[in-house]
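Before any comments, here is the structure.
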Amino acid sequence: FKATPDLPQIQVDVVQIQQVLLNLIRNGVEAMSELPSKVITIRIDRIEYGLRFNVTDIGGGIAPQISRNLFQPFHTTKENGMGLGLAISRTLVEAHGGEISARQNESGGTTFSFTLPGEATDYYR
């Protein structure tokens, strides 16, 4: 876990943001299931209008044909998956006025990033 100093306070629904982080961490752990060593890095950075959260794994990455539908409901590559974790995460992040994305890392693995604005949206005031 890495966080830059002096992060701004933001008003969020804590349970919802915990769910987003749990979904991203769970996906990362599952992506590394075949690896003898598993590493998940969570980083929080200050950005111009709030915070950026990065959740990075060292798994196999995301195939291009999968990345197009990554955040769509019921889209899964897992045998027992429902395809809702990332769709729910997107809905929760967007409800807070943020954005979520994924990118393949040059060294392998995937980084999921989501932003949260520094001020509360009307929904949370």
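The values are calculated or read from the model by the stated rules, or taken from the named source; none is laboratory data. From a predicted model like this one, the values you see are computed outputs, not experimental measurements. Using ideal geometry, Cβ is built from the backbone for each residue, glycine included, and neighbour counts are taken over all protein chains shown.
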Matching residues in the range 25-56 (charged (D, E, K, R) and more than 22 Å from Gly85 (Cα to Cα)) number 3
Would you be able to say whether some residue in the range 38-52 is under 16 Å from Asn105 (Cβ atoms) and of a type in the set (Gly, Ala, Ser)? no
If we take the range 1-105, then helices (runs of 4 or more DSSP H) inside it with 3 or more residues that are among the aliphatic types (A, V, I, L, M) and at pLDDT 90 or above are 14-31, 85-95
Just one listed residue, out of Asp57, Asp6, is among the charged types (D, E, K, R) and at positive phi, and it is Asp6
Restricting the range 31-49 to residues that are out of contact with any strand residue (DSSP E or B) (no Cβ under 9 Å at 6 or more places or on another chain) and either of a type outside the set (Asp, Glu) or surrounded by 15 or more Cβ atoms within 10 Å (Cβ to Cβ) (or both), the one farthest from Ala95 (Cα to Cα) turns out to be Pro36
